[in-house]
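*Asks:* The structure follows.
What follows draws every value from the coordinates through simple rules; no lab data is involved. Quantities reported herein were computed from a predicted structural model and do not represent experimental measurements. Please note: Cβ atoms are built from the backbone with ideal geometry, for glycine as well, and neighbour counts cover all protein chains shown.
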Amino acid sequence: MAAKRGAGVSVGDVVPRLTSTGQQAGFKVELRHGGLNAHRVLADPEFAILENKIEAQLARWDQMWTLKRDAEDKRARVQEGKAAAEQQAQDALAAISACEEILAHTLSVDDRVHWESLKDRRPFSRRSGKAKEIEYDPKSGEPLDVVPLK
């Protein structure tokens, strides 16, 4: 009954267990789980009970293996999260540095507004003719017509 199972589990042959006088006292089997680095020899006088012990031991190991894999997966996710956080921190520091460089650059540039240079100093000329008055509707306040002043 040598059987192989997944995740590095192997079940050896069921062999008779002998007493010191050479009489059969039951059965024994060797189990190994490579992933857990576990080894176990199970024995029982009755073959059916030995089979139940084997299945129970394999079920315990499967449960332990699942927990171990889940813990390793969680550790890997934490490491990935730490690496992503480190990258984001470096990106943020680079953005802060860029902002600080903008300030330093701006401080070295004279960017004052020279209001006097913007003023129009050309002579102002008035139009000839009479000024006009705008009439408004007393109810709506809207302009009605433009009429010349008298």
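*Asks:* Are there any pairs, at least 6 apart or on different chains, whose C-beta atoms fall under 7 Å, with the first in segment 7-35 and without any contact (Cβ under 8 Å) to a residue 12 or more places away in the chain and the second surrounded by fewer than 16 Cβ atoms within 10 Å (Cβ to Cβ) and of a type in the set (Gly, Ala, Ser), and if so, which?
*Replies:* As it stands, the answer is LEU18/ALA25; THR19/ALA25, since those pairs meet every condition given.
*Asks:* Scan segment 49-64 and give yes if some residue there is within 29 Å of the chain's Cα centre (by Cα) and loosely packed, with under 14 Cβ neighbours inside 10 Å, otherwise no.
*Replies:* Within segment 49-64 (the criterion being within 29 Å of the chain's Cα centre (by Cα) and loosely packed, with under 14 Cβ neighbours inside 10 Å), the answer is yes, since at least one residue qualifies.
*Asks:* Does ASP111 fit the bill of being free of Cβ contacts under 8 Å to residues at least 40 places away in the same chain and closer than 30 Å to HIS33 by Cβ?
*Replies:* No, not satisfied.
*Asks:* Working only within segment 36-94, note down all residues that are basic (Lys, Arg) and not in a helix (DSSP H, G or I).
*Replies:* Matches in segment 36-94: ARG40 only.
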